[in-house]
Every structure is written in structure tokens, then in C-alpha cells.
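**Q** Let me begin by handing over the structure; questions about it come next.
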Amino acid sequence: MINNSNLGIIGVATGILAIGYACFVHRKIYKMNELINTSIDNVSKDVQVDISEVIINEAIDKAVEREVNDAVRSTLYNVKENIKREIKNKVKASVDESYSNIKKDVSKEVARDISNLDLDLLKTQIKEEAKEIVVSKFNNNLDSLLNDFNQNLTNVSKIYESISDNMMKKPQETVFKMSL
């Protein structure tokens, strides 16, 4: 039977072996990487790469085209913004200038129209309109009062009718007896 202390010793031994194996594998991989890097460096020293002039010219042309397109886009944006700003400023200046001219003309026109007004006619028109508004409101109030009156009249009529019915009923013969 395996007791807890034996199990602990086996676990520690397995852990130590695993750590040792991991260090061994890491060292092997490190050496292999060094060997590969050294081999690549040695091969690249001996190899000459010859790039044709056509490929170089094509790469230069593409780079120039890309830079020119970026510069054109940037310049076009700046020009558009400047034109917008100039138009806005010109419109504002034109509106400000026109405003003072229009203000004078409108003031003259209003003054002339006011001087041509017939004040008596205006007073009469205002009185007529006010009278129509008051009559309309008064009629609305009268309609409401008439409805209330009719409702109250109906209620009073029912009350009198009920009293009349009670008075008109034949009294039941009630015997009145007195005894001594």
C-alpha cells in the first residue's frame, strides 16, 4: 500500500524530473536556433542578390505615384476648405452690406404705410372685431346657462309633478276610531 509520504516523494521526484527535461529541451532548441541563425548568416554572406533595374524602377514609380496621390488629395482638401471659407466670408460681407440698405428701405416703407393709415377706420375695424369676439364668448356662456336652466327646470318640474301625483291620489279610507 502507498501511503501519503511515499506519494509525496514520488510527486516531488516527478516534478524535478519534469523540470530537468524542460531545461534539456529548452537548451536543445536554443542550440538549434543558434545553428539555424549561423547557417542563414553564412549563406547570406555568400549569396548575392541581383535586383533588376526594371523592378527597381517599377517600385520607384509606385512609390512616387502613391506620394503624388497623397499630396494631391491633401492639396485638394485644403483648396476646398479655403474656397468654402472665402465664399462664407463673401456671403457674410454681402449680407451685412445688404442689411443696412434693406433696413433703410424697409423703415421708409413702414413709415409711409403708417402715415397712410386711416386711424378712425382702424379703430372701427378693431371695435367690430372685438365686438364679434365678445358676442361669440357671450353666446357660448349663454348656451351653457340655458342648458343649466333647462336642466334645473326639468328637475323642478319633476318635483312638482311628484307632489301633484301624491295630492291627486285618492286617499285611502282610513278609519279613525276613538274609544272612551
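**Q** In segment 121-158, what residues are among the acidic types (D, E) and under 50 Å from the mean Cα position of the chain (by Cα)?
**A** Step one: of segment 121-158, the residues among the acidic types (D, E) are 128-129, 132, 143, 148.
E128, E129, E132, D143 - these are the residues of segment 121-158 that are among the acidic types (D, E) and under 50 Å from the mean Cα position of the chain (by Cα).
**Q** For the condition without any contact (Cβ under 8 Å) to a residue 60 or more places away in the chain, surrounded by 10 or more Cβ atoms within 10 Å (Cβ to Cβ) and not hydrophobic (A, V, I, L, M, F, W, C), what is the one hit in S107, S115, S100?
**A** On inspection, the qualifying residue turns out to be S107.
Any read-out appearing in this document is the output of simple, stated calculations on the displayed coordinates, not a laboratory observation. The model shown is predicted, which means the values in this text are computed figures rather than measured ones. Glycine also receives a Cβ, built like all others from the backbone with ideal geometry; neighbour counts cover every protein chain displayed.
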